[in-house]
Every structure is written in structure tokens, then in C-alpha cells.
1. Scan the stretch 242-296 for residues that are over 27 Å from residue 406 (Cα atoms) and of a type in the set (D, E, K, R) and jot them down.
2. Are any of the residues in the stretch 343-355 in a loop (DSSP other than H, G, I, E, B), β-branched (Val, Ile, Thr) and surrounded by 15 or more Cβ atoms within 10 Å (Cβ to Cβ)?
3. Of all residues in the stretch 88-125, which are out of contact with any strand residue (DSSP E or B) (no Cβ under 9 Å at 6 or more places or on another chain) and either β-branched (Val, Ile, Thr) or not assigned by TED's automatic domain parsing to the domain that holds residue 187 (or both)?
4. Scan the strands (runs of 3 or more DSSP E) fully inside the stretch 172-267 and keep the ones with 1 or more residues being within 16 Å of ligand 3 (Cβ to nearest atom), crowded, with 24+ Cβ neighbours inside 10 Å and among the hydroxyl-bearing types (Ser, Thr, Tyr).
5. Listed residues 595, 572; which is under 18 Å from residue 549 (Cβ atoms) and either of a type in the set (A, V, I, L, M, F, W, C) or not assigned by TED's automatic domain parsing to the domain that holds residue 543 (or both)?
6. Go through (1) within 16 Å of ligand 1 (Cβ to nearest atom); (2) surrounded by 17 or more Cβ atoms within 10 Å (Cβ to Cβ) and name the single condition residue 162 misses.
7. Yes or no: residue 489 touching a strand residue (DSSP E or B) at 6+ places or on another chain (Cβ under 7 Å) and either loosely packed, with under 13 Cβ neighbours inside 10 Å or in a loop (DSSP other than H, G, I, E, B) (or both)?
8. Does residue 279 qualify as being surrounded by fewer than 24 Cβ atoms within 10 Å (Cβ to Cβ) and either within 18 Å of the chain's Cα centre (by Cα) or in the same structural domain as residue 141 (by TED's automatic domain parsing) (or both)?
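The values are calculated or read from the model by the stated rules, or taken from the named source; none is laboratory data. Everything numeric here is computed off the predicted structure, so don't read it as measured data. So basically every Cβ, Gly included, is an ideal-geometry build from the backbone, and we count neighbours across all protein chains shown.
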Amino acid sequence: MKTVLLSLILTFVAFPQIQNIRISTTSASSPNEVSIAINPLNPDVVVAGSNISYLYTSTNRGATWSQKQMSSTLGFWGDPCLIYDHRGYLYYGHLSNPTVGYWIDRIVVQRSTNDGVSWNDGAGVGLTPPKEQDKEWLAADYHSPLFKGNIYMSWTEFDNYGSGATSDSSRILFSRSTDAGLSWMTAIKISDKSGDCIDEDNTVEGAVPAVGPNGEVYVSWTGPYGLLFDKSLDGGLTFGTDKFVAPHPGGWDYSVPGIYRANGLPITVCDTSQSAHRGNIYICWSDQGAGTNNTDVYVARSTDGGNNWGTPIRVNGDATSRHQFFCWLTVDQATGVLYSIFYDRRSTTSNLTDVFVARSADGGLTWENFKVSETSFNPSPSVFFGDYTGITAFQGRVYPIWMRADGSLLSIWTAPFFDSAAVLPVELTGFSANVEEDMVFLDWQTSTEVNNHGFNVERAKLESAFDKNYVFSTVGFVKGRGTSLFPVRYYFEDKRSEPGFYKYRLKQIDLNGEFEYSNEILVDLSHPLSFGLFQNFPNPFNPSTIISYEIPKAGFVSLKVYDITGNLVTTLVNGYKPVGVHEIDFNVESTKSSLSTGIYIYRIETEGFVDSKKMIFLK
Ligand SMILES: [Ca+2]
Ligand SMILES: [Ca+2]
Ligand SMILES: [Ca+2]
Ligand SMILES: [Ca+2]
């Protein structure tokens, strides 16, 4: 029986160089600014987006991709964000540039119910002329009792984008959809203090929503007051007072040589897995607190729903003073393992840039870093490079996504890998057997399972209860759920064989063919069950005696005592009884009238069996 706990099995094995797969084709026009999502109902399907309106689809876990361009009458102006909900619906959020309206006058959320094959025209959210709506992100509630299915979105509203006037300000807005993205609540302001409209350090930006285990909605962002956090406990209708998380030294707007423009905007995630870190909130960002030549990636975490935030933890583990920038963060909601992607120059000179992934299996306290890009690239500072990278993970399958800029030539890449050290084993509990009539009923459950093909049920006949030389053979197969974060119950019925002692065990088989045996359970079938009504003891008796009977199948049983002339004295049993031998204590002091010395009859009636016996009461 596997009783290994998640926290004990997460021994990290260094990843070898992972194969890089090009997502965008050579025909793609300046693709950058990426987002990636896994269909939770069919994890073989992975989708990605990039500027300005590209959609990339893979149906084979990222091995190969198809590319197409989206369309909407509301237009496209960047900031693609792709997410799935629990229904398997896919959402593509982006900025607008409508034919009727003006540049970024609203956020657009388009929906597909067939993994991106077809899309609706999209809902426009936050239209408030003449203001601009920018830099949105989405999150879905997958399983909270109250708010499951809600889609949440937060973004920045500008009074007048780019304006330096003190009368113009920026704020964080929020909206939700309770009808799978078709309509959206009138946006509410969740930032307590505004920023400016310049789209630099003192503008409030980077609002990314995350959903907690009980449907809490968490949002953090950055701006002139550092990294701030707010939450809603009523499904996004109202938010509270902004909470300070950490300073953002140097601000979110910074420069990295060779990069057109860079930023350290935050990403917020919450662990809703069954891991030991369930409920933790993580905010990841980058800054130049160590110097303008040495950008670093940080994570702050809260283990109490965002009330308290620990000291920021540096994610990039190098000892160099080189740049790490454009970080993204995800948590595998099946395992609770965190993955961060960022550009990294620790191993290069000048502007040559690699891509790294950092992995944390201890709730963000420590991070293993490894390079995922096969070769470095040398970006051109005159070509827009986009504002973010992306990464997603589910059930141990991890998909980083990034832009390369080989000079001015942009392309989109991934490096899918399977984090086998993160995946939970199938944990089997409570294997038991019951004998009913001529059947043996086996039942068991799994507390968690990942990649569970199923169970072979194996049986061995023993020469005696103490036989050690028995041999198992397979008597059946029960298909597994595959992957489940929640307990799954299984049953198997085996026809009772010839009398004797038997052992049963389960062979749990993974999808990859690996297997493990359960404990063995002994089943005693040595006594074939039959109907019987046995002689009472003691006999003669005064005042009490034991009457026993046996039934081979559960059913309604009546057991009554009569005097010798046939008058009913008392009813001892009148109800549903399980299989087996049953004993009843008959005490004459419990009868209504006192009995006289003499012979009495006790009689059993049950389906398929009627019998009676005599007993003697002596005063
Ligand atoms: Ca952008
Ligand atoms: Ca607030
Ligand atoms: Ca700055
Ligand atoms: Ca650094």
C-alpha cells in the first residue's frame, strides 16, 4: 500500500536539456507577448496566443502546433491572455481597436467551446469613453462551492493614456462573468490609491487575478506604492482595503540592454491543489533593487489568505550580477509545484539571452534553476519584444513559452517537459472484502491518483490459513479514473469458489505500465454457509437460554416462541438480518405473562427456510 506523502516524494532530479519546439511559423508577423493554457478536460490539448491576434493549437502535448489568426469586430491590440474554465471553454482576452469606437476603449474577451476551432465575436468590457482600458488578465474558478464557473478579470484604466497631467490618473478595475464570458459585470475600482497615466513606474499596472480554494478572488498589482494586494470574499462583487506586500525597488519600469522595453510587472497565483501548500498565494515580479545592471526575479508568499506577506525570496539562484527579467509564474494545481520562467543572462556575455525555468516544490521557499533554451539569442533593441512570457503546468506536464529575438526576427517557442518527481503516486487505501451468499465483494479507494490505468484483481487459493506457497492469478480488471485529486471508490465482485481459504490483492498499473501491489487480504470461505436453526443452550433452562440460527443470505427473519398448544409467547426476531450465524438470548422474565413449566416451540421463518425446535422450561 502506498502511503508516501507528497512532501516526501519530491526529490528533484535535474532536468537534461529539453528539446525546444517552435510554435510560430516563419509566416508569423512579429509574434511576441505570449500566453499558454492547457485544457483541463483533455490535457493533450494545449493552446497559446501571441500578438497581435495569433492563436496556436497543439493536440499532442505541444509536440506540433498549428497557427491561425483570430478576428473580432472589436479589433486586436495586444496583451493576449488565454485561459480555460472547468467546462473546457477557452477564453482569449485582449485589448481592443474597434472599427466603431477608439483605440483600447475596452477589454475584449472572446470564447471558444471547441478548443479554438471557432470563436464568438467577444464581449467588450469596461467601455467608459474617453478612457482607455489596458493590460488585462483573466482567471477562472474551477471548483469552489459558491462561485465555481465564475470568470474574473482585472486591468488598468487610464483617464488619458500617456498624459503627464496631474488631473489624469490610472486605477485597477475588476469585472466578473457568471455566464461563461458572455456578459460581464459593470467594472468596479479595486485600487484604493491611483497612479499616473504615463505608463511608467508611477502608473498602477500588472493586475492579475487568482482564485483561492474557497472561491476567494485575489489580485495584486504594482505602482507608486510598491506591490499591493486586495481580495474579494463574495465572488468579486466587493473588495477591501489594499494590503502592502513589498516595495518594488526601482519601480516596475526598467531598462535591459538590447530589449525594446522591459518591465517587472507582477503575476499572482494561488495553490488550490491538495498539496501541503494548498491556499498559499504567490506573487512573482522582477526588479533592479540589486542595481540597474542586475535585474532579479522575486516571489512573495502569503500562507494566510493575503493578510501577511513574507520577505521576498529571490527565484534566480545565480551568484552573478546579470539580468533576469520578464518572469512569469504558474502553480500546477494537481501537485502544488511552482514553476517560473524568465530570461536569463547568467551564462552569457553582452546581450546574449537564455531562457530559464525555476521550480519550487516547497511552497516557494527554495528554487531549482535550469536552462530551457537550447541556444542563446541576441535581441535587437529597436524591435518591440512584447511585455511578458508565459508558463503553465498541469499534472506534472509543464509548458514554458517565450519569444526569441534573433536580431529583429521574432519567433515563439516552447520546451514541454514532464516533471515526474512532482507527480503523486496512486495512493490506495482501505482494501477490504466481504462475503455475501455466493459472492466475494472487494472494495477499495484511492485518495489521489495520477495516470492510473487501473487494477488487476488477483486471487490465490491456500491449502490452509497458514499456507505460504500460494500463487496469485488474475481474476478481473477494474479501470482506473486516470487522474483524480479526490478520493475514488472502486468495487469488484468475485463469484465464490470451492470451499477453502483465499487471498486477494490488487495490482495497480500506471498508464506507462509501472505497477505496484496492494496488501493481501485473507478471505475464509472454508465453511459453506447454509440455513440452520440450532438447539438452544442450556436446555432445560431457567430463566434464560441462547437460541442461534444461520442464514446464507441476508433477508427478513422471523423467530417466535409458542407454547405447546400453539399460542404465541413472544417474538424474538422480526426484521432484516445479515448473512451469518446469529444468537438471541431468550429470557422468560421478559415475556408478558409468567410461563409455567413445560415444553415450548421456537420457530424460524425466512425466505427459503422454515424450521422449528422444542425447548424445556423448568421452574
Ligand atoms: Ca502589451
Ligand atoms: Ca481596494
Ligand atoms: Ca523605473
Ligand atoms: Ca540578476
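1. 242, 243, 271, 278
2. First, the residues of the stretch 343-355 that are in a loop (DSSP other than H, G, I, E, B): 345-352.
Then drop every residue that is not β-branched (Val, Ile, Thr), which leaves 348-349.
Those still in the list that are surrounded by 15 or more Cβ atoms within 10 Å (Cβ to Cβ) too: 348.
Yes - at least one qualifying residue is present in the stretch 343-355.
3. Answer for the stretch 88-125, where residues must be out of contact with any strand residue (DSSP E or B) (no Cβ under 9 Å at 6 or more places or on another chain) and either β-branched (Val, Ile, Thr) or not assigned by TED's automatic domain parsing to the domain that holds residue 187 (or both): 99, 100.
4. Values: elements: 205-211, 217-222, 227-232, 243-246.
It comes to 217-222.
5. On the way: 595 fails: under 18 Å from residue 549 (Cβ atoms).
Sole residue among the options that is under 18 Å from residue 549 (Cβ atoms) and either of a type in the set (A, V, I, L, M, F, W, C) or not assigned by TED's automatic domain parsing to the domain that holds residue 543 (or both): 572.
6. (2)
7. Numbers: touching a strand residue (DSSP E or B) at 6+ places or on another chain (Cβ under 7 Å): yes; either loosely packed, with under 13 Cβ neighbours inside 10 Å or in a loop (DSSP other than H, G, I, E, B) (or both): yes.
Here the answer is yes, as residue 489 does meet what is asked.
8. Numbers: surrounded by fewer than 24 Cβ atoms within 10 Å (Cβ to Cβ): yes; either within 18 Å of the chain's Cα centre (by Cα) or in the same structural domain as residue 141 (by TED's automatic domain parsing) (or both): yes.
Against the criterion (surrounded by fewer than 24 Cβ atoms within 10 Å (Cβ to Cβ) and either within 18 Å of the chain's Cα centre (by Cα) or in the same structural domain as residue 141 (by TED's automatic domain parsing) (or both)), residue 279 qualifies.
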